[in-house]
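Data block below; observations after.
Read the figures in this text as sums done on the coordinates, not as results from a lab. Owing to the predicted nature of the structure, the values given are computational and were not obtained by experimental measurement. Ideal geometry is used to build each Cβ from the backbone, glycine not excepted, and the neighbour counts take in all protein chains shown.
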Amino acid sequence: MTRTHILALDQGTTSSRALVFDSRGRIVGVGQHEFTQHYPQPGWVEHDADEIWQTTLRATQGALAQAGLTSADIAAIGITNQRETTVLWDRTTGEPVHRAIVWQCRRTAPLCDELKAAGHEALFRERTGLVIDAYFSGTKVRWLLDHVPGLRARAEAGRIAFGTIDTWLIWKLTGGRVHATDYSNASRTLLFNIHTLDWDDDILRILHIPRALLPEARPSSGDFGETVELNDVLSAGIPVAGVAGDQQAALFGQAAFWPGMVKTTYGTGAFLLMNTGEQAVSSEHGLLATIAWGLDSRVTYALEGSVFIAGAVIQWLRDGLRIIDSAADTEALARSVPDTGGVYLVPAFVGLGAPHWDMYARGLLVGLTRGTERPHIVRAALEAIAYQVRDVVDAMSADAGLPPGELRADGGAVRNDFLMQFQADVLGIPVVRPVVTETTGLGAATLAGLAVGLWRSTDDLAKLWRADRRFEPQMPPIDRNRLYAGWQRALERAKGWEA
Ligand code: ADP
C-alpha cells in the first residue's frame, strides 16, 4: 500500500486544525488557523462557514507541508468538529444563506422556553436523549427558517441544505456531491431519533422543519464520498471515511471501546463521556444520552456530562485576578502548600452544568482566614476542576450502576501532574494520561483508517493507544470523603445565588 497516512480535520470553535497521522497513530504534521468570531448581539455567536472552509484548507496545506507529504500519501480523510453549530446553504450555488449559528449562541432560548411550556420536554428527551436547550441545532434551524426572508419556501422546495460543520466540510470536500452526516453529529441536532437512527417526524412537525433540508445520517466509519480536486491542496479521489463530533471522537481516540469506559477532556470546560455500549441509557442524574459512534452496522451509545468552567478558572487566575503569570505556574504553587487550608473555590461563573444544571449559581470563594495566601487559592482552583469532574463521574456511576475502572484524560490541562494526581485521589480510581493527547484528531483518523483498511479492528486500535502515565489514588478514603464533603457544602452555598 502506498498511501499510508490519514488526514484528520479537527474543526473547532476558535480554530480549524489539520493533523496528519501515520499508520502507527503518531502525529507527523499539524496545521492550524484561527478564524473570526462574530457577536452580533449579546449572547449571540456566529461563524462564517466559508471562512471555516478556507481555514480548513490552509490548515491542511500546513499539516502536509510539515509532514513533508503530499495528498498522494493520504489514504483517507477523517473529520471531527465543533458540534451543534448550524449551517444552511443553497444546494445549487453552495452559498450559505446566513452565517453559521454557533453552539454557544443563546438566541433561541425564548423558543426553547415556549417548547417546554407547551409540554414537549418528555418527548424530545425520549427520542433524542437531549434536553430542550438553545445549545442544540434544531431550534437554530427553525430560527433561520423564520428569519431569513424567503428561506422557508426555498427549503420546502428542496433547494436548501442543512448541516452541522461535518456535513458542510463533507459537502465542500466532495464538491457538493455528498450531503451526509454521521450518527454522532446527528444525535446533537435535537432532530434525530437515537433509537431508530432516523430524523424524527414528530419533532420535525413540532419545530416546523421540512425533511427536505436534512442530510443522510450514516455510520461514523465508512463512505462519505471522495474529494474533488481542491486548489492544489488535495487531489481528487481521496475517500472521506470517518466522521464524529469532537467529544465522541475523543472517546474513540482514547480507545474507550468497551462499556463503562470514561474519558474526560480538560479544556476550557471539562467534557465527560461514558461508553454505555449498545444501550441508550436515559439519565436520572442530569446527564445526556447520545450516540458515541456507528461502526460495523452497530451503534454505540454514551452518557455525556459537561462542566462549563475547568481550564477557564486557571485563565481567570491569570487574566482576571492576575495572581499567576501562566497556567503552568499553578502546579508548583499548588504543591508549595500541603492543602488549601480549608479554602474552596466554586467556579460557577456562568452557572453550573452537569449534573447540577443551575443557571443561577455563581462563583464562590469560601473558607478564607487570615492565613489564606495565594498558593491556597491557586490550589483551590485546581482542586475545583477535579471536584466538578467527580460530580459528573458520580452521576455516571449512578446511571450506569457501577463506577468506571479508570478515567482516561486528555485536553490542555492534563499536563498538570498535580491536577491529575488530585483527580485520582478525589475519585478513588486511577487517572490515565495517554501518549497522544490529541485524542480528538486521533479518533477521527482511526475512524477513517478503519474504513479504508489501514487498521482492521478496534482491537488493533486499542494496541495503538499507549499510556504516558497512570496516576493511582493515594489519598486515604477518610481524607477523600472529608474534602469532598467540604466541596459539596461549598457547592450548596453557590447554588441559586443570582436571584
Ligand atoms: P480548548 O480546546 O477548550 O481551548 P485546551 O485543550 O487547549 O482548551 O486547554 C486549554 C486550557 O487548559 C486553558 O483553559 C488553560 O487554562 C488550561 N491549562 C493549560 N495548561 C495548564 C496547566 N499546566 N495547568 C492547569 N491548566 C492548564
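Structural remarks
- Mean projection area, nm², convex hull over Cα of the stretch 197-338: 14.8
- Principal axis extents of the Cα atoms in the stretch 254-340, from largest to smallest and rounded to whole angstrom, are 51, 23, 23.
- The chain, dipole about Cα centre (Lys/Arg Cβ +1, Asp/Glu Cβ -1), debye to the nearest 20: 520
- Taking θ as phi - 60° and the Karplus parameters 6.51, -1.76 and 1.60, the scalar couplings of the stretch 271-283 work out to 10, 10, 10, 10, 5, 10, x, 7, 10, 7, 8, 7, 6 Hz in sequence order, x denoting glycine and proline.
- In the stretch 290-386, Rg over Rh equals 1.14, where Rg is the alpha-carbon radius of gyration and Rh the Kirkwood radius from pairwise Cα distances.
- Of the trypsin sites (Lys or Arg not before Pro) found in the stretch 361-399, the ones in coil according to DSSP and having at most 11 other Cβ atoms within 10 Å of their Cβ are ARG370.
- Each peptide among 35-43, 233-241, 305-313, 3-11 gets the average number of other Cβ atoms lying within 10 Å of its residues, and from highest to lowest they stand as 3-11, 305-313, 233-241, 35-43.
- Legend: translational diffusion of the stretch 5-246 by Stokes-Einstein, Rh = Kirkwood radius over C-alpha pairs, 4 °C, 1.567 mPa s; D = 71 µm²/s.
- Stokes-Einstein D for the stretch 12-151, Kirkwood Rh over Cα pairs, 25 °C, 0.890 mPa s (µm²/s): 142
- Per-selection metrics, the stretch 1-90 (Cα): Rg and Dmax in Å: 14.7, 53
- If you wrap the chain in the convex hull of its Cα atoms and look at it from every side, the mean projected area works out to 22.5 nm².
- Neighbour counts of C-beta atoms inside 10 Å place ILE478, ILE206, ILE165, ILE77 in the sequence ILE478, ILE206, ILE77, ILE165, starting with the fewest.
- Hydrodynamic radius by Kirkwood, which averages 1/r over all alpha carbon pairs of the stretch 81-219, in angstrom: 14.8
- Restriction of the chymotrypsin sites (Phe, Trp or Tyr not before Pro) in the stretch 355-455 to DSSP coil positions whose beta-carbon has at most 15 other beta-carbons within 10 angstrom yields TRP357, TYR360.
- Rg [Å, one decimal], Dmax [Å, integer] - the stretch 118-192, C-alpha atoms: 13.8, 42
- Cα convex hull, the stretch 300-445: 134 Å³ per residue, rounded to a whole number.
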